[in-house]
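The values are calculated or read from the model by the stated rules, or taken from the named source; none is laboratory data. Note that the structure is a prediction, hence the values are computed from the model and not measured. A quick note on method: Cβ atoms are made from the backbone with ideal geometry, for glycine too, and the neighbour counts reach across all protein chains shown. Accessible surface is based on the protein model in full, side chains and every heavy atom, while ligands, DNA and RNA are left aside. Shrake-Rupley method; radii C 1.70, N 1.55, O 1.52, S 1.80 Å.
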Amino acid sequence: MKVKSHSTRLKNLTTCAAVCAVTLLAASPAQAQAVYRIVGPDGRVTFSDKPPVAADKVTPVSAGGKSAGGGGAALPFELRQVASKYPVTLYTSSDCAPCGAGRALLSSRGVPFAEKTVSTAEDAQALQRLSGESSLPFLTIGSQQIKGYSDSEWTQFLNAAGYPRASTLPASYRNPAATPLVTVQKAAPVAKPEETQTQPAPAQPGSPPVDTTSNPAGIKF
């Protein structure tokens, strides 16, 4: 019986770990597949799950029909494809140094991401339901969840997802502004019933004048 050398076993384990990481990222929901908005030469707009050969007038859209990119400029085509398959969302809070470090890593690498802030009790409850914990930062890449900040771990999963190792974002691109995890909608004010206008009291008939000529004392009966 031949015994595999230590170096051979280590090589096999490393290969398996890389394959497993890619497999986890590939398990995103089917509905996360990119949908492309195509503008034809005649201005007609169509939608397809496959980009045409000329992609200069193609925009990936989310399930709600909105552009998948941020503000300022469109994403490069290859980056749009990755962001459509594995969208990145960063959950942060104020006065959180690791949150700032994670945000800086994503920004320096040119990863388009959405940021959700956790600042209220409702936000904390929603985070608990999402991640099973209340610690921050919390990062999602497609369906993959990463709890806490680790430069090496975040880099590993971003590489496995296919995000460029160096920024390819246009200089004018800006990520969407951070928004609360839970959006509180204020109830519409209840219309008050019209106030009943107070009708003026009818004027009381005046007392007849007293004839002081025949009744000098003004006595009334």
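So the values come out like this:
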{"item": "Residue list for region 169-181, filter: surrounded by fewer than 17 Cβ atoms within 10 Å (Cβ to Cβ) and either part of a helix (DSSP H, G or I) or out of contact with any Gly (no Cβ under 6 Å at 6 or more places or on another chain) (or both)", "result": "Pro170, Ala171, Ala177, Ala178, Thr179, Pro180"}
{"item": "Residues (open to solvent by less than 60 Å² (accessible area, probe 1.4 Å) and of a type in the set (A, V, I, L, M, F, W, C)) located in region 87-97", "result": "Val88, Leu90, Cys96"}
{"item": "Subset of region 98-116 [in contact (Cβ under 8 Å) with a residue 24 or more places away in the chain, surrounded by fewer than 18 Cβ atoms within 10 Å (Cβ to Cβ) and farther than 21 Å from Pro76 by Cα]", "result": "Pro98, Ala101"}
{"item": "Within region 132-153, considering residues that are touching a residue at least 24 places away in the same chain (Cβ under 8 Å), under 21 Å from Asp95 (Cβ atoms) and in contact with a strand residue (DSSP E or B) (Cβ under 9 Å, 6 or more places away or on another chain), the one surrounded by the fewest Cβ atoms within 10 Å (Cβ to Cβ)", "result": "Gly148"}
{"item": "Any chance Ala171 is at pLDDT below 95, among the aliphatic types (A, V, I, L, M) and under 21 Å from Pro112 (Cα atoms)", "result": "yes"}
{"item": "Filter result (closer than 12 Å to Leu139 by Cα and outside any helix (DSSP H, G or I)) within region 100-116", "result": "Phe113, Ala114, Glu115, Lys116"}
{"item": "Region 127-162, residues that are farther than 17 Å from Thr117 by Cα, outside any loop (DSSP other than H, G, I, E, B) and small (Gly, Ala, Ser)", "result": "Ser152, Ala160, Ala161"}
